[in-house]
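Report on the following structure.
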Amino acid sequence: MQVRQNGRQSHTVEQIFGLRTLQRVGDQILLNGRPFYLRGLLHWGWYLTTHAPNPSREVAVCELESLKLAGFNMLKACLWVPPDWYLTFCDTIGVAVWLELPLWLPQIPSDQQDALIAEYATFVRQVRHQPSMMLWKLGCELSDRFPPEILHRLYQSVQLLTGSPLVRGNSGGSECYGGTLEEHADFADYHLYGDAHFAYSTFRTFLDTPRPPQPWLQGEFADHDTMRDFICLRQKVAPNRLWWLSQDPNQNPQGVRWFYETPFVEEWSPTTSWCWRRCVVCMAQQAMWSLG
């Protein structure tokens, strides 16, 4: 777009946009009239070298191309807003984006609620033109501390600004986190953490309850945990990259984290890494003996 004044060009703005259709029909998502099955990775926007959601283009291209090569077609930006160029590259290689806007366990004073709604509108206007933007979520695991009437206003605002058929107020399932059961949502979203052998019974617990027909998505899910090998990290990673193990509050402040145990794990048990490896081996051997 060019703006001319007195016959001379005064301003120029270039912006990429795309044409596509996105529909919600019952429990299906249709992209350009065809069923679209989302297979994605959750991304916190955390980068070791920047400590902030601000990757270099080289790093972003590498991670997104790796995502595609692994067979995924979506990225969920969890509580951060990717840069405009990042979303453009997602569209270029065919990666859909699920944007979870940054509200998690908030306590919003009444005199700041209008400011919150205005700030959300700013976020949305920055990225709504991107064809890769397909799903919008307004908060993560909100409890009854967040006013339901404000969540409703946010939902209406984002729907109006985007025209998207896939907007959800609260993630994780309000019944799981003590939030309002009057959900403002175009799709179901749960964070069902558990071991793989509990997946069927856990899913059935939620699927077998009365609910309107909607697409069912898992915004977060894990079927196993990985214990950090601190000994290996100390041997192979540069000390300046392990700032998160420091007990110095100037280098590694607790901030908003309510769990702040990691800097002290090595102090509690210098052989923690070896003990965990031994426990895992013992459990695996016991499982094999019981099967045999």
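Quick notes
- Contacts under 8 angstrom Cβ, first residue in region 234-258 being open to solvent by 100 Å² or more (accessible area, probe 1.4 Å), partner part of a helix (DSSP H, G or I), 6 or more apart: Arg234/Leu242
- The one condition in (1) modelled with pLDDT of 90 or more; (2) acidic (Asp, Glu); (3) farther than 25 Å from Trp244 by Cα that Glu63 fails to fulfil: (3)
- Selection of strands (runs of 3 or more DSSP E) fully inside region 28-102 by the criterion of at least 3 residues being under 18 Å from the mean Cα position of the chain (by Cα) returns 40-43, 74-78, 96-100.
- Scanning region 156-182 for residues that are closer than 20 Å to Lys76 by Cα, open to solvent by less than 30 Å² (accessible area, probe 1.4 Å) and not in a strand (DSSP E or B) returns Val158, Ser164, Leu166, Gly169, Asn170, Gly172, Gly173, Ser174.
- Index of the failed condition, Gly172 passing every other in (1) at negative phi; (2) in contact (Cβ under 8 Å) with a residue 40 or more places away in the chain: (1)
- Residues that are acidic (Asp, Glu) and within 22 Å of Ile29 (Cβ to Cβ) were ranked within region 183-221; the one that is surrounded by the most Cβ atoms within 10 Å (Cβ to Cβ) is Asp189.
- Residues in region 1-27 that are more than 27 Å from Asp186 (Cα to Cα), assigned to a loop (DSSP other than H, G, I, E, B) and of a type in the set (D, E, K, R): Glu14 alone.
- Taking residues in region 115-136 that are within 14 Å of Val97 (Cα to Cα), and partners anywhere that are part of a helix (DSSP H, G or I) and of a type in the set (S, T, N, Q), the pairs with Cβ atoms closer than 8 Å and at least 6 places apart or on different chains are Val124/Ser157; Val124/Thr162; Arg128/Thr162; Gln130/Thr88; Ser132/Thr88; Met133/Thr162; Trp136/Thr162.
- Residues (more than 21 Å from Pro83 (Cα to Cα) and either open to solvent by 40 Å² or more (accessible area, probe 1.4 Å) or not charged (D, E, K, R) (or both)) located in region 118-145: Leu142, Ser143, Asp144, Arg145
Residue-wise test of (1) in contact with a Gly (Cβ under 7 Å, 6 or more places away or on another chain); (2) surrounded by 13 or more Cβ atoms within 10 Å (Cβ to Cβ).
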| site | (1), (2) |
| --- | --- |
| Asn32 | no, no |
| Leu64 | no, yes |
| Ala77 | yes, yes |
| Val81 | no, yes |
| Val95 | no, yes |
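- Considering residues of region 237-285 that are out of contact with any Phe, Trp or Tyr (no Cβ under 8 Å at 6 or more places or on another chain) and among the hydroxyl-bearing types (Ser, Thr, Tyr) only, the residue modelled with the highest pLDDT: Ser246
- Failed item, numbered, when Tyr190 is tested on (1) at pLDDT 90 or above; (2) within 15 Å of the chain's Cα centre (by Cα): (1)
- Summed over region 110-153, the residues that are under 12 Å from His184 (Cβ atoms) and either in a helix (DSSP H, G or I) or not aromatic (Phe, Trp, Tyr) (or both) give a count of 10.
The values are calculated or read from the model by the stated rules, or taken from the named source; none is laboratory data. Just so it is clear, the structure is predicted and the values come from calculations on it, not from any experiment. All Cβ positions, even for glycine, are placed from backbone atoms using ideal geometry, and neighbour counts span all protein chains on display. Note: accessible area is taken over every heavy atom of the protein model, side chains too, but ligands, DNA and RNA are not part of it. Shrake-Rupley method; radii C 1.70, N 1.55, O 1.52, S 1.80 Å.
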